[in-house]
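Step one of this worksheet: look at the structure below.
The values are calculated or read from the model by the stated rules, or taken from the named source; none is laboratory data. Everything numeric in this text was worked out from a predicted model, so none of it was measured. Cβ coordinates were reconstructed from backbone atoms using ideal geometry, including for glycine residues, and neighbour counts include every protein chain displayed.
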Amino acid sequence: MKQDVDRLSTYYQTDNIEYNRLTCDRTNRLEEITTLCYFNAHIPAGASVLDACAAYGVYAFPLAENGYKVTAGDVVAHHVEALKEKNKANPILQEIYHGSICDLSRFADNSIDAVLNLGAYYHITDKSERDKSIIESKRVLKSGGLVFVAYLPKHANFIKYCDGWKDRTKDMDLYLKRGHMDDDSLFYATTPEDIESELMGFGFEIVKNVATDGLKYVFRKALNELPEDLYQKFLAHHFEMCERRTLLGYSEHCLLIGRKNHD
């Protein structure tokens, strides 16, 4: 089933505003801090960046402030309006548009240094549509350009919501098999191995696979209550561990970085 944009829009207009999710506390900020760190470490200075699932600009605006040439788009109309409103005070984004990452026809082939697929991939349960998000990203990327794909590891979310699986063993089996239960689900989950294989199948070299927030669903309360000096030690430990294969499958969110092979 193709993505239901109306349902997705409603989801993000209620209690699930993306900006709040990523910035509401230390535990949620872990994903934001880690993701921005890997952007700045791997995207060349001054490069062109397409944030194709920009939401409220949590990443688009900091990247632009760091000197990147950022274009931001989103499939959700009220996200686009929010981006435009925020950009008025300090117009640093190159362009803001309303559209899906599955159709980047407004952009020429081989024209962008980095594409951010941060949300679209895990909001699409239909494989052909997910494939389009990768195919279109690759098409607009320059040779050697980078794609950043945020994904949900299915085993982490299985554990996070284990209390809800009581008397639902068929649903549990279905989720673990295909990454979602209902055909109209808003979320798709996978494994680190499967998404790596998928990107390589589309002609990408795997650069990094990162556990952006680790087992935050286990230690949320403790992390939020740590004194600042211990929190900084935790962050150092997190960055030491976040690329280790033993952690990837149990992180609530992950980030896969792929490089478009030279033609």
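Please indicate, with yes or no, whether at least one residue in segment 100-118 is outside any helix (DSSP H, G or I) and under 15 Å from Y188 (Cα atoms).
Looking for residues that are outside any helix (DSSP H, G or I) and under 15 Å from Y188 (Cα atoms), one finds at least one in segment 100-118, hence yes.
For the subset of segment 54-99 comprising residues that are in a helix (DSSP H, G or I) and among the basic types (K, R), which member is surrounded by the most Cβ atoms within 10 Å (Cβ to Cβ)? Before the answer, list the steps.
Taking segment 54-99 as the starting set, the residues that turn out to be in a helix (DSSP H, G or I) are 60-65, 77-89.
After this cut, where a residue has to be among the basic types (K, R) as well, the list is 84, 86, 88.
On the way: K84: 16, K86: 19, K88: 7.
Per the criteria, the residue is K86.
If I ask for residues that are in contact (Cβ under 8 Å) with a residue 40 or more places away in the chain and out of contact with any Ser or Thr (no Cβ under 8 Å at 6 or more places or on another chain), which ones from segment 61-98 would you list?
H79
Pairs only if they're at least six apart or on different chains, beta carbon under 6 angstrom, first in segment 224-243 and surrounded by 11 or more Cβ atoms within 10 Å (Cβ to Cβ), second of a type outside the set (S, T, N, Q) and assigned to a loop (DSSP other than H, G, I, E, B); list them, first residue then second.
N224/D25
The rows are residues; the columns are (1) at pLDDT below 95; (2) among the acidic types (D, E); (3) in a strand (DSSP E or B); (4) touching a Leu at 6+ places or on another chain (Cβ under 8 Å).
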| site | (1), (2), (3), (4) |
| --- | --- |
| L186 | yes, no, no, yes |
| V207 | no, no, yes, yes |
| V210 | no, no, yes, yes |
| D213 | yes, yes, no, yes |
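Can Y231 be described as in a helix (DSSP H, G or I), modelled with pLDDT of 90 or more and not acidic (D, E)? Walk me through it before giving the result.
Values: in a helix (DSSP H, G or I): yes; modelled with pLDDT of 90 or more: yes; not acidic (D, E): yes.
Taking the combined requirement at face value, the residue satisfies it.
Under the condition of being part of a helix (DSSP H, G or I) and among the basic types (K, R), which residue from segment 127-157 is farthest from the chain's Cα centre (by Cα)?
It comes out as R139.
Which one of these is surrounded by 19 or more Cβ atoms within 10 Å (Cβ to Cβ), out of contact with any His (no Cβ under 9 Å at 6 or more places or on another chain) and not aliphatic (A, V, I, L, M): G214, G258, G203?
Sole residue among the options that is surrounded by 19 or more Cβ atoms within 10 Å (Cβ to Cβ), out of contact with any His (no Cβ under 9 Å at 6 or more places or on another chain) and not aliphatic (A, V, I, L, M): G258.
Quick test for you: out of L141, L199, pick the one residue that is modelled with pLDDT of 90 or more, in contact with a Lys or Arg (Cβ under 6 Å, 6 or more places away or on another chain) and under 22 Å from D103 (Cβ atoms).
L141
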